[in-house]
Amino acid sequence: MKIALIGYGKMGKTIEQVALKRGHEIVLKITTANQHQMDTEHLQLADVAIEFTRPESARENVLKCLAAGINVVCGTTGWNESLEDACKSTQTHNVAFLHASNFSVGVNIFFEVNKLLASLMNSQPEYSVSIEETHHTQKKDAPSGTAITLAEQIIPAIERLKGWSLNTEDDRATLPIIAHRIENVPGTHKISYSSSIDTIDIIHTAHNRDGFALGAVLAAEYIMGKNGIFTMKDVLGIK
């Protein structure tokens, strides 16, 4: 498989290492130094583009790839308001698009555990729920896309919750997300249900970027030759 890496920071470099080990070829690397190569001629050298950049550039990057007829895996978070544009473009150009807030196999299993626990806690009003996430200082969006995904799974399942807020605990109807930024932390997410009697915690801790990179490459392998809109549940066969 021929891959275009849109974004060649720490994550892009880790994806490159994983992809090469799996026998794939990197045919294009887009950085701030060669944005002029973000065109149809260069993009069409690839079978799939993997996009990990910044929220302010993700929409344009993804739409350019889709318009060039290239399937796209996107791991940039913080641009959810424009995802519908990408989905429409996917259908228009008859290609494939997969966006995930987190590509880690472990995190995607964690998502399923989170949904199950939330459904069990709906009938336990004595417990208050909170999310705490910690990432490296280079991560600019807060809360993380993963934390938002976790919150969006919990809120519909627990009837007493009406929404989420960042770094505040206003009332029991609001799910607080506490975000920390610390040097050299790949990513930790903790969900806590606390009562006066006890606390239930579920935690996912990433030890490095390798799990995220492997998941992105697995996603690229999955959408190779397909068209449509997919998620990591499709990649991992989670029903």
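The values are calculated or read from the model by the stated rules, or taken from the named source; none is laboratory data. Worth saying up front: this structure is predicted, and the values here are computed from it rather than measured. Backbone-built Cβ (ideal geometry, glycine too); neighbour counts: all protein chains shown.
Annotations for the structure displayed:
- Residue check for residue 130: surrounded by 14 or more Cβ atoms within 10 Å (Cβ to Cβ), over 13 Å from residue 228 (Cα atoms), in contact (Cβ under 8 Å) with a residue 24 or more places away in the chain and in contact with a Phe, Trp or Tyr (Cβ under 6 Å, 6 or more places away or on another chain): no
- Just one residue in the set 156, 125, 176, 143 is free of Cβ contacts under 8 Å to residues at least 60 places away in the same chain and within 30 Å of residue 18 (Cβ to Cβ); that residue is 143.
- Some residue of the stretch 149-163 being under 30 Å from residue 94 (Cβ atoms) and within 19 Å of the chain's Cα centre (by Cα): yes
- Flag if residue 168 is buried (at least 16 other Cβ atoms within 10 Å of the Cβ) and polar (S, T, N, Q): no
- Once the stretch 133-151 is narrowed to residues that are in contact with a strand residue (DSSP E or B) (Cβ under 8 Å, 6 or more places away or on another chain) and more than 19 Å from residue 201 (Cβ to Cβ), the residue that is surrounded by the most Cβ atoms within 10 Å (Cβ to Cβ) is 148.
- Residue within the stretch 73-82 that is touching a Leu at 6+ places or on another chain (Cβ under 6 Å), crowded, with 23+ Cβ neighbours inside 10 Å and modelled with pLDDT of 95 or more present: yes
- Subset of the stretch 108-134 that is among the polar types (S, T, N, Q), in a helix (DSSP H, G or I) and under 21 Å from the mean Cα position of the chain (by Cα) - its residue that is nearest to residue 215 (Cα to Cα): 108
- Residue 45, sole failed condition from (1) aliphatic (A, V, I, L, M); (2) surrounded by fewer than 23 Cβ atoms within 10 Å (Cβ to Cβ); (3) out of contact with any strand residue (DSSP E or B) (no Cβ under 6 Å at 6 or more places or on another chain): (3)
- Answer residue from the stretch 153-169, given it is of a type outside the set (A, V, I, L, M) and out of contact with any strand residue (DSSP E or B) (no Cβ under 8 Å at 6 or more places or on another chain) and is nearest to residue 192 (Cα to Cα) among those: 153
- From the list 76, 149, 90, the lone residue that is touching a Phe, Trp or Tyr at 6+ places or on another chain (Cβ under 7 Å) and more than 23 Å from residue 187 (Cα to Cα) is 90.
- Residue, farthest from residue 117 (Cα to Cα), within the stretch 181-239, restricted to residues that are of a type in the set (Phe, Trp, Tyr) and modelled with pLDDT of 95 or more: 222
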